[in-house]
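A.B. asks: Encoded as structure tokens, here's the structure I'll be asking about.
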Amino acid sequence: MMKKTISNDIRRLRFNHNEMTQQALADAVGVSRQTIVAIEKNKYSPSLEVAFKIADVFNVGISDVFQYQSAAAIE
């Protein structure tokens, strides 16, 4: 069975959103900057609530921020 992973486009979205800092995103979502760093680096999967809050900050759908796919598709 192939391993599934969650990837994200937070860095790109931040850049396209007036080069928003990780701290500004963290403040808007209500988490620490370290949490945003971990999510961006795919070291931590956010709760569903945090995922929706991140999507809301960028005014996009959750699937525009996060993708769930097999590990082979990422490599």
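Throughout, read-outs are computed from the coordinates displayed, never taken from laboratory work. Here the structure is a predicted model, which is why all the values come from computation and not from measurement. Reconstructed Cβ throughout: ideal geometry from the backbone, glycine too, with neighbour counts over all protein chains shown.
A.B. asks: Suppose R0 equals 25 Å; then what is the FRET efficiency for Val60 and Met2 from their Cβ-Cβ distance, rounded to the nearest 0.05?
C.D. replies: Plugging the Cβ-Cβ distance into 1/(1 + (r/R0)^6) gives 0.35.
A.B. asks: Multiplying the sequence separation of Ala24 and Gln69 by 0.36 nm and subtracting their Cα-Cα distance, what value in nm do you get? Numbers along the way, then the final one.
C.D. replies: Numbers: separation 45, 0.36 × 45 = 16.20 nm, distance 2.83 nm.
Fully extending the segment from Ala24 to Gln69 adds 13.4 nm.
A.B. asks: Per-residue counts of other Cβ atoms within 10 Å, averaged by peptide: what ranking do you get for 50-57, 37-44, highest first? Don't jump to the answer; show the numbers that get you there.
C.D. replies: Working: 50-57: 17.9, 37-44: 14.5.
Top to bottom by mean Cβ count within 10 Å: 50-57, 37-44.
A.B. asks: Hey, another quick one. Mind checking which lysines have their Cα closer than 20 Å to the Cα of Lys3? Skip sequence neighbours fewer than 8 apart in that chain.
C.D. replies: Cα-Cα hits under 20 Å: Lys41, Lys43.
A.B. asks: Continuing with this model, one more query. Take Gln34 and Asn16, extend 7 Å from each Cα along the Cα→Cβ direction, and tell me the distance between the two endpoints in nm.
C.D. replies: 3.1 nm
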